[in-house]
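*Asks:* The structure's right below; bear with me while I get my questions together.
Coordinate-derived values only; no laboratory data. Note that this is a predicted model, so its numbers are computed, not measured. Heads up, the Cβs are rebuilt from the backbone with ideal geometry, glycines too, and the neighbour counts pull from every protein chain shown.
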Amino acid sequence: MMKETLLPQDLRNLIRRGQWQTPTTGLSPGYVQANLVMLPKSEAFSFLLFCVRNPKPCPILDVLEPGAWEPKIAPGADLRTDLPRYKIYENGEFKEEAFDVGNFVQDDLVSFLFGCSFSFESALLSAGVPVRNLEEDCNVSMYITNRTCIPAGPFSSPLVVSMRPMKREQAIRAIQVTTRFNQTHGAPIHMGSSEEIGIDNIDKPDFGDPVTILPDEIPVFWACGVTTTLAAISANLPRVITHSPGHMFVSDLRDETLTLL
């Protein structure tokens, strides 16, 4: 089966069976993809406040009750098994990656789901805007910037961005297309010089894969949900579970249901 034809439930079933363990970029086009953070109930309000204060990188799609794993945006799904790859952190330090976190979750964990820029990639393609990570069949390039988010309680983080290169006229079109997708990061936050936002070497992303930037192209940067991971681990909590960058939760929501009218 070609990956483009996979419906979200079919994809999640493959992931749950361990038959899909790679990034979800380009999968189930037209359906909302989401970043995941699980953290203890005791700090959930402060983390929620951090996200409310920083809506561009942290657009909330769903928040579950402690110990609940079935999100409203995908009935029947299980957040413990239905992402291709997870990261587990203890006391702010990375512990290990896993394909299933059933043995790591606790009943006091609260799950947060956030919008992801993968959700507007099909709209960019439909508008004639290239998406290089899809063309090169790799994960999107992601970078830690010199911009800081507004802290809340024990949580703080620099802004993380994803990057897609394109010609200047295509960048204008990309702004027009993605502005409507306000719950999946919306319009770009920067374009052009990467040094202006603290990226010294654009060929070496902090997360994801490097992509080709042609001589007549500029890098275009969107706020990225990996910001939520850096914020969650900044508090040195006993346990935090997140998606591995690029390995998203694919929901049953259609992209267009989250756009501005």
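*Asks:* If each DSSP helix of 4+ residues adds -39,500 (n - 2.57) and the sum is divided by the residues in the chain, what number results at 222 nm, nearest 500 deg cm²/dmol?
*Replies:* When only DSSP H runs of four or more count, the value is -5000 deg cm²/dmol.
*Asks:* Please arrange Val131, Val160 by counting, for each residue, the other beta carbons lying within 10 Å of its beta carbon, fewest first. Each step should come with its number before you reach the end.
*Replies:* On the way: Val131 22, Val160 25.
In increasing order of surrounding Cβ atoms, one gets Val131, Val160.
*Asks:* If you don't mind, another one. Over the chain, what is the relative contact order in percent, taking alpha-carbon pairs closer than 8 angstrom and at least six residues apart? The partial results should precede the final answer.
*Replies:* Details: 612 pairs, mean separation 82.4, N = 261.
The value is 32 percent.
*Asks:* Oh, and also: How would you rank Thr229, Thr184, Thr148, Thr179, going from fewest to most other Cβ atoms within 10 Å of each one's own Cβ?
*Replies:* Working: Thr229 25, Thr184 28, Thr148 11, Thr179 14.
Fewest-to-most Cβ neighbours within 10 Å comes out as Thr148, Thr179, Thr229, Thr184.
*Asks:* Name the residues whose placed amide hydrogens come within less than 5 Å of the amide hydrogen of Leu253, ignoring near sequence neighbours (fewer than 5 apart) on the same chain.
*Replies:* Counting only residues 5 or more places away or on other chains, the set is Val32.
*Asks:* Say the cut-off is 24 Å between C-alpha atoms; which of Lys41/Lys204; Lys41/Lys87; Lys41/Lys95; Lys56/Lys95 go over it? Provide the component values of the computation, followed by the final result.
*Replies:* On the way: Lys41/Lys204 36 Å; Lys41/Lys87 19 Å; Lys41/Lys95 21 Å; Lys56/Lys95 28 Å.
Too far apart for the 24 Å limit: Lys41/Lys204; Lys56/Lys95.
*Asks:* Okay, next question. So what is the diffusion coefficient of the chain in µm² per second by Stokes-Einstein at 37 °C and 0.692 mPa s, using a Kirkwood Rh over Cα pairs? Mind showing how you got there, number by number?
*Replies:* On the way: Rh = 18.2 Å.
Rounded to a whole number, D works out at 180 µm²/s.
*Asks:* Of all the C-alpha pairs in the range 2-55, what % are more than 12 Å from each other?
*Replies:* On the way: 1049 of 1431 pairs.
So the pairs more than 12 Å apart make up 73 percent of the total in the range 2-55.
*Asks:* While we're looking at this one, here's another question. Over the Cα atoms of the range 61-111, what radius of gyration and what Dmax do you get, in Å?
*Replies:* Rg then Dmax for the range 61-111, in Å: 11.3, 32.
*Asks:* Can you report the principal axis dimensions of the range 113-261 using only the alpha carbons, biggest first, rounded to whole angstrom?
*Replies:* Projected onto the principal axes, the Cα atoms of the range 113-261 cover 45, 37, 27 Å.
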